[in-house]
Amino acid sequence: MTTLQDCRARDAQDPLRALRDLFTLPQGVIYLDGNSLGPLPKSAPDRIARAVQEEWGQGLIRSWNEAGWFELPQRLGDKIAMLVGAGAGEVVATDSTSINLFKVLSAALSMVAADAPERRVVISERSNFPTDLYIAESLCRERGCKLQLVEPHEIAGALGADTAVLMLTHVNYRTGAMHDMATVTRRAHEAGALMIWDLAHSAGAVEVDLRGAGADFAVGCGYKYLNGGPGAPAFAWVHPRHADRFWQPLAGWWGHAAPFAFTPDYQPAKGIARYLCGTQPILSMTALECGLDTLLAAQPHGGMAALRRKSLALTDLFIALVEERCGGHGLGLATPRAHAERGSQVCLTRDEGAYAIVQALIARGVIGDYRKGQPDILRFGFTPLYLGFEDVWNAVEHLRQVLEAQEWRRPEFNRQHAVT
């Protein structure tokens, strides 16, 4: 059985342990919710203050040129590209994941309509994140297409001559299950469909190789593993073979080939720049860059490969300790055990009291989250930039105590909050 001393010894040998100092983490808190909102980089407050007080306050409108504001979407996009297997000039940081999905799915459907108009079906998982399904449903209704929802094991069999687009989230938000990106993309292409990936729970958490997998489009989130702050800009990637083929539907002035020519007609910019829309949120972009730099700080230590190895070690340990120390309390495991099938989170199931158990843990300083379902999910994210093996041991010890003392039955832990 693994002991606390064993975990401390592993922390002492961890080459990534110094990266924890890049973050502001409250004393006494074990933060297992970076898959929902990353913590504050220590560099962010001063950098945002400088953007406010100097660049905005003193530079005023000159800062679009002098402080490099105008280039922020592409500059941050190039940093994101290093984390997702894309090339320089292929990614832009902009808008939200939902808006970016609307852009790329619309462009993909336009491409298919031009090349193979008989293809009218968009396939996705029934358990995909709801915003993705809502966007797809809206676009399918507008385009006269059909949205077909299937279970993960049904995806390959559902692909056919009528499939226009396969749209999946790489790592499932509820279970942490991860698709084999290269294999799934190849199967979509063999069926004649385009492939869109949502990397909301992948970018900054697992190794991603969009170019190597031959994917067509991808979007992702800036406020989870990229540590960009609440509501941080998201990102969009389009394979260069597609980037100049079609307009995206939100043809705003920042996506114009010459935005300051102020022509009345729209002429799309070359490449990924056309996936911009309106004026960018500079203060949020500034915060996102601080978050991206925390991930890039791992490069001298092995980069995403090293982060992935530690993530798997942390999640392996969590699963093992839960099974060793919390047996007999009705917990199940929703997350795949196989490394190739698992993201950077572990999701436990329980038929009764899952929400209250999470609330009791939060009261103890162990912050995870809850997702409703059948069964309900206790969800824990493991970010190797700032979590250690002792954190895992202590988190499971708190979980054991909550279960054994039945703390979760207390009324205050059973009151529902607006955000779960």
Legend entry - Odd one out for residue 265, checked against (1) in a helix (DSSP H, G or I); (2) without any contact (Cβ under 8 Å) to a residue 40 or more places away in the chain: (1)
Legend entry - Restricting the range 232-250 to residues that are closer than 27 Å to residue 303 by Cβ and not hydrophobic (A, V, I, L, M, F, W, C), the residue that is most open to solvent (accessible area, probe 1.4 Å): 241
Inset, instruction - Please work out which residue is farthest from residue 198 (Cα to Cα), limiting yourself to the range 156-180 and to residues that are in contact (Cβ under 8 Å) with a residue 60 or more places away in the chain and either over 13 Å from the mean Cα position of the chain (by Cα) or in a strand (DSSP E or B) (or both). - result: 175
Inset, instruction - Restrict the check to the range 284-300 and report whether at least one residue is over 22 Å from the mean Cα position of the chain (by Cα), surrounded by fewer than 16 Cβ atoms within 10 Å (Cβ to Cβ) and in a helix (DSSP H, G or I). - result: yes
Inset, instruction - Scan the range 209-216 and give yes if some residue there is under 12 Å from the mean Cα position of the chain (by Cα) and surrounded by 18 or more Cβ atoms within 10 Å (Cβ to Cβ), otherwise no. - result: no
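May I ask you to list the residues in the range 251-262 that are touching a helix residue (DSSP H, G or I) at 6+ places or on another chain (Cβ under 6 Å) and either in a loop (DSSP other than H, G, I, E, B) or open to solvent by less than 60 Å² (accessible area, probe 1.4 Å) (or both)?
255, 259
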Legend entry - Hits in the range 364-420 (condition: surrounded by 18 or more Cβ atoms within 10 Å (Cβ to Cβ), touching a helix residue (DSSP H, G or I) at 6+ places or on another chain (Cβ under 6 Å) and more than 21 Å from residue 34 (Cα to Cα)): 402, 407, 408, 413
Inset, instruction - Determine whether the range 47-59 contains at least one residue that is of a type in the set (D, E, K, R) and surrounded by 19 or more Cβ atoms within 10 Å (Cβ to Cβ). - result: yes
Legend entry - Those residues of the range 151-170 which are among the β-branched types (Val, Ile, Thr) and under 23 Å from residue 208 (Cα atoms), in sequence order: 155, 165, 169
Inset, instruction - For the range 16-41, name all the residues that are within 21 Å of the chain's Cα centre (by Cα) and of a type in the set (D, E, K, R). - result: 20, 33
Inset, instruction - Please determine, by comparing only the residues of the range 100-127 that are of a type in the set (Lys, Arg) and closer than 20 Å to residue 248 by Cβ, which one is surrounded by the most Cβ atoms within 10 Å (Cβ to Cβ). - result: 103
Inset, instruction - Kindly establish whether residue 173 is open to solvent by 20 Å² or more (accessible area, probe 1.4 Å) and of a type outside the set (Lys, Arg). - result: yes
Inset, instruction - Hey, can you tell me all the residues within the range 1-19 that are within 14 Å of residue 311 (Cα to Cα), open to solvent by 50 Å² or more (accessible area, probe 1.4 Å) and not in a loop (DSSP other than H, G, I, E, B)? - result: 10, 17
Inset, instruction - Select, from 320, 340, 313, 306, the only residue that is touching a residue at least 40 places away in the same chain (Cβ under 8 Å), open to solvent by 30 Å² or more (accessible area, probe 1.4 Å) and within 17 Å of residue 388 (Cα to Cα). - result: 320
Inset, instruction - Identify all residues within the range 21-46 that are open to solvent by 30 Å² or more (accessible area, probe 1.4 Å) and closer than 17 Å to residue 394 by Cα; write none if there are none. - result: 25, 26, 27, 28, 29, 31
Inset, instruction - Check off (1) touching a Ser or Thr at 6+ places or on another chain (Cβ under 9 Å); (2) assigned to a helix (DSSP H, G or I) for residue 186 and give me the number that stays unchecked. - result: (1)
Legend entry - Residues within the range 343-363 that are more than 17 Å from residue 37 (Cβ to Cβ), open to solvent by 10 Å² or more (accessible area, probe 1.4 Å) and either hydrophobic (A, V, I, L, M, F, W, C) or assigned to a loop (DSSP other than H, G, I, E, B) (or both), tallied: 4
Inset, instruction - Output the number of residues of the range 128-158 satisfying the condition of being open to solvent by 30 Å² or more (accessible area, probe 1.4 Å) and closer than 21 Å to residue 113 by Cβ. - result: 10
Inset, instruction - Check off (1) outside any loop (DSSP other than H, G, I, E, B); (2) among the polar types (S, T, N, Q); (3) over 22 Å from residue 299 (Cα atoms) for residue 58 and give me the number that stays unchecked. - result: (1)
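The values are calculated or read from the model by the stated rules, or taken from the named source; none is laboratory data. Keep in mind it's a predicted model, so treat the numbers as computed, not measured. Neighbour counts are summed over all protein chains in view; Cβ atoms, including those assigned to glycine, are modelled from backbone coordinates with ideal geometry. Calculation scope for accessible area: heavy atoms of the full protein, side chains included, ligands and nucleic acids excluded. Shrake-Rupley method; radii C 1.70, N 1.55, O 1.52, S 1.80 Å.
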